[in-house]
Amino acid sequence: MSTASPTVPAPAPVPAPPDPVRSRVVAAVLALGVLTSATIVLWQPWGERDDLSYETLADHRTGAWLGAILDGVGMAAVALGLGLATCLLVRGHGRTTATVGAVLAGLGAILFAGGSTAFGVLAWYATEPDALPADQGDTLLTYVDDNLAQLIVVSGAGFALVTLGSLTLMFALWRARAVPTWLPIVFAVLTVGLFVTTGTVMNVVQAAQTLCLAGVAAVLSQVTRSPGRG
């Protein structure tokens with residue numbers, strides 16, 4: 001009488017390491033986005049944060065236009081770069097979380113960039129005396145300040161989605177132990193700090209939060225230079 005030998009389960013396939021060229025491109029986009037966003041937050045080229053008065057925007061007319069565009073582009077590069085970087089780094093536990101976070105952050109990036117660009121263009125035209133006399137420009141911006149829903153609904157929703165998506169991505173990185181464990185924790189703490197600080201302190205906290213993400217770019221670059229790691 002023969003005895004059937006037990007079936008040995010096949011070993012789980014080992015995920016292929018990230019493609020070096022693509023990974024370095026993603027790391028570079030993320031790093032440039034981080035640098036751009038942190039610089040804009042500390043620079044505040046439009047004057048005082050959330051000050052939509054004609055006098056302030058007129059005094060920073062070109063800076064407000066350029067800063068708003070760079071703010072949108074920088075945020076988009078950060079959100080999209082972080083999403084792609086996380087999906088490249090998280091190849092085991094946390095893959096579904098990484099995908100969800102990347103989608104949320106990507107949608108938020110699109111909305112925020114659109115809203116930020118709209119603000120920059122509006123401020124530029126409204127403060128051009130050849131287009132609108134100063135009193136009319138002041139009336140327009142006062143109306144905008146009193147009715148912010150149409151301006152904020154896009155960029156505000158984008159910022160909220162980027163924030164939620166980034167936290168989700170950080171959780172995926174933490175769960176997969178794809179980055180040093182302190183990095184997602186510090187990022188989460190600084191994210192909370194954005195909602196409990198104001199003025200210059202808030203600017204510094206936001207810049208520090210953004211700069212944390214340079215660590216993700218650094219890890220991705222290191223992984224692509226270390227075959228077999230992961």
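The values are calculated or read from the model by the stated rules, or taken from the named source; none is laboratory data. On a predicted model such as this, the values are computed, not experimentally measured, just so you know. Glycine also receives a Cβ, built like all others from the backbone with ideal geometry; neighbour counts cover every protein chain displayed. What goes into the accessible areas is simple: the full protein's heavy atoms, side chains included, and nothing from ligands, DNA or RNA. Shrake-Rupley method; radii C 1.70, N 1.55, O 1.52, S 1.80 Å.
Expressed as a whole percent, the accessible surface of the stretch 72-126 that belongs to carbon and sulfur atoms is 79, based on a 1.4 Å probe.
Ignoring ligands, DNA and RNA, what percent of the accessible area of the stretch 136-210 is carbon or sulfur (1.4 Å)?
Solvent-exposed carbon and sulfur of the stretch 136-210 make up 70 percent of the total.
Taking only Cα atoms and a 10 Å spring cutoff, compute GNM fluctuations for the chain and point out the largest among Thr86, Thr97, Thr56. Between Thr86, Thr97, Thr56, it is Thr56 that shows the largest mean-square fluctuation.
Restricting the trypsin sites (Lys or Arg not before Pro) of the stretch 131-230 to loop positions (DSSP other than H, G, I, E, B) with no more than 14 neighbouring Cβ atoms within 10 Å leaves Arg177, Arg225, Arg229. Relative to the longest principal axis of the Cα atoms of the chain, helix 134-146 runs at roughly 40 degrees. Counting only Cα atoms, the stretch 131-214 measures 57, 24, 23 Å along its principal axes, largest extent leading.
At q = 0.12, 0.14, 0.16 Å⁻¹, what log₁₀ I(q)/I(0) does the chain have when each alpha carbon counts as one equal point scatterer in the Debye sum? Treating every Cα as an identical point scatterer, log10 I(q)/I(0) equals -0.69, -0.86, -1.04. At a probe radius of 1.4 angstrom, the accessible area of the chain per residue rounds to 54 square angstrom.
Given a Förster radius of 22 Å and the C-beta distance between Val144 and Met202 as r, what FRET efficiency does 1/(1 + (r/R0)^6) yield to the nearest 0.05?
FRET efficiency, Val144 to Met202: 0.50.
When each of the peptides 159-169, 181-191, 142-152 is scored by how many other beta carbons lie within 10 Å of its residues on average, the order from highest to lowest is 159-169, 181-191, 142-152.
Protein-only accessible surface at a 1.4 angstrom probe places the residues Cys87, Cys212 in the order Cys87, Cys212, largest first. Going 7 Å from the Cα of Leu107 in the Cα-to-Cβ direction, what parts of the stretch 167-198 have a backbone nitrogen less than 19 Å from that spot? What the label zone holds, given the 19 Å backbone N cut-off, is 167-172.
Using the Cβ-Cβ distance between Glu128 and Leu35 with R0 = 30 Å, the FRET efficiency computed as 1/(1 + (r/R0)^6) comes to roughly 0.50. Relative to the longest principal axis of the C-alpha atoms of the chain, give the angle of the C-alpha long axis of helix 20-43, reported between 0 and 90° and rounded to the nearest 10°. That works out to roughly 30 degrees. Using the Cβ-Cβ distance between Arg177 and Val153 with R0 = 45 Å, the FRET efficiency computed as 1/(1 + (r/R0)^6) comes to roughly 0.75. Cα centroids of the stretch 145-167 and the stretch 41-98: 12 Å apart.
Report the relative contact order of the chain, percent, no decimals, based on alpha-carbon pairs under 8 angstrom and at least 6 residues apart.
In percent, rounded to a whole number, it is 29.
A Gaussian network model of the chain, with springs between Cα atoms under 10 Å, assigns the largest mean-square fluctuation among Ser53, Ser23, Ser37 to Ser53.
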